[in-house]
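Worksheet: one structure, shown below.
The values are calculated or read from the model by the stated rules, or taken from the named source; none is laboratory data. On a predicted model such as this, the values are computed, not experimentally measured, just so you know. Using ideal geometry, Cβ is built from the backbone for each residue, glycine included, and neighbour counts are taken over all protein chains shown. Ligands, DNA and RNA are excluded from the accessible area calculation, which covers all protein heavy atoms including side chains. Shrake-Rupley method; radii C 1.70, N 1.55, O 1.52, S 1.80 Å.
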Amino acid sequence: GAVVSQHPSWVICKSGTSVKIECRSLDFQATTMFWYRQFPKQSLMLMATSNEGSKATYEQGVEKDKFLINHASLTLSTLTVTSAHPEDSSFYICSARGTGSDYSPLHFGNGTRLTVT
Amino acid sequence: RKEVEQDPGPFNVPEGATVAFNCTYSNSASQSFFWYRQDCRKEPKLLMSVYSSGNEDGRFTAQLNRASQYISLLIRDSKLSDSATYLCAVTNDYKLSFGAGTTVTVRA
């Protein structure tokens with residue numbers, strides 16, 4: 001259980017373009033999903049909490065107008081990197097909890113490796 | 001101070017050896033604790049939850065020391081397939097924070 005699917009697995013885009021990443025919960029409903037980013041040899045950093053039917057909650061230092069999150073259904077959250085720049089190149093990973101409390105572990109999608117040229 | 005800190009390693013061990021490493025966390029009110037495994041350029045996968053009483057899953061043993069605010073992971077009888085980066089993760093409120101990972105390399 002608690003399978004999370006993410007698409008695309010990798011994407012290369014030109015500077016200034018926008019990229020949309022999809023995150024789906026396949027076998028459960030996720031009212032909350034979490035978006036992380038990981039730079040090489042660094043920790044996963046939480047970017048934002050995606051809430052179904054309401055606005056996302058962004059972590060300090062993450063620009064909400066640059067990283068647009070939409071969680072329109074209980075099984076789908078999307079992250080759009082707008083006007084991407086080379087410094088946005090990173091590994092973006094979504095996650096969700098299956099059934100269980102707020103203290104249960106997160107299950108991760110396979111991640112999206114974004115390269116901005 | 002970072003929320004979660006780990007010795008980055010690398011720990012280079014021969015097959016069959018035992019390897020252990022710790023992770024410290026800064027928030028004494030943290031509610032739950034986990035070890036994840038991350039292979040190169042892949043997503044983290046849950047290895048095990050960590051409980052105050054300590055818990056074991058096959059060759060892996062995890063311990064939580066709330067008084068000293070650290071968790072540990074011990075791997076017995078290391079296999080080549082255990083080579084990976086091990087991330088500790090700590091829940092504060094509903095959010096999960098990660099350490100930067102400890103790299104373990106098991107050699108034949």
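Suppose we keep just the DSSP beta bridges with both residues in chain B; what percent of those would be antiparallel, to 5?
So the antiparallel bridges amount to about 90 percent of the total.
Below 8 Å, C-alpha to C-alpha, sequence gap of six or more: please give me the relative contact order for chain B in percent.
After rounding, I find 38 percent.
What are the extents of the Cα atoms of the protein assembly as shown along their three principal axes, listed from largest to smallest and rounded to whole Å?
Cα extents, longest axis first: 49, 36, 36 Å.
Compute the relative contact order of chain A as a whole-number percentage, counting only Cα pairs closer than 8 Å that sit 6 or more residues apart in sequence.
This gives 37 percent for chain A.
Can you put A:GLU22, B:GLU56, B:GLU3 in order of accessible area, largest first, using a 1.4 Å probe?
Solvent-accessible surface, decreasing: B:GLU56, B:GLU3, A:GLU22.
Which of the aspartates and glutamates could be linked to B:LYS79 by a straight reach, that is with a Cα gap under 12 Å, when you skip same-chain ones fewer than 8 residues away?
B:GLU15
Loop-only check: which chymotrypsin sites (Phe, Trp or Tyr not before Pro) in the stretch B:35-108 are DSSP coil with at most 16 other Cβ within 10 angstrom?
The qualifying sites are B:TYR51, B:TYR94.
Excluding A:ILE93 itself, what net charge comes from residues whose Cβ is under 12 Å from its Cβ, given Lys and Arg +1 and Asp and Glu -1?
Surrounding charge for A:ILE93 is +4.
How large is the accessible surface per residue of the protein assembly as shown, computed with a 1.4 Å probe and reported in Å² as a whole number?
Here the per-residue accessible area is 49 Å².
With solvent modelled as a 1.4 Å probe, how much accessible area in total do chains A and B shield from it at their shared surface, in Å² to the nearest 100?
Its buried surface, counting both partners, is about 1600 Å².
So which cysteines of chain A have no other cysteine's Cβ under 4.7 Å from theirs?
Lone cysteines by the Cβ rule: A:CYS13.
Can you list residues whose amide H is under 5 Å from B:ALA100's amide H, if they're 5+ apart or on another chain and H is modeled 1.01 Å from N?
The list, which skips near neighbours in sequence, is B:GLN6.
Quick one: putting +1 on the C-beta of Lys and Arg, -1 on the C-beta of Asp and Glu, what dipole do you get for the protein assembly as shown around its Cα centre, in Debye to the nearest 20?
300 debye
Using only the Cα atoms, work out Rg/Rh for chain A, with Rh taken as the Kirkwood radius, to two decimals.
Using only Cα positions, Rg/Rh for chain A is 0.95.
Please give the FRET efficiency for A:THR115 paired with B:SER52, using the beta carbon to beta carbon distance and R0 = 35 Å, rounded to the nearest 0.05.
It comes out at approximately 0.25.
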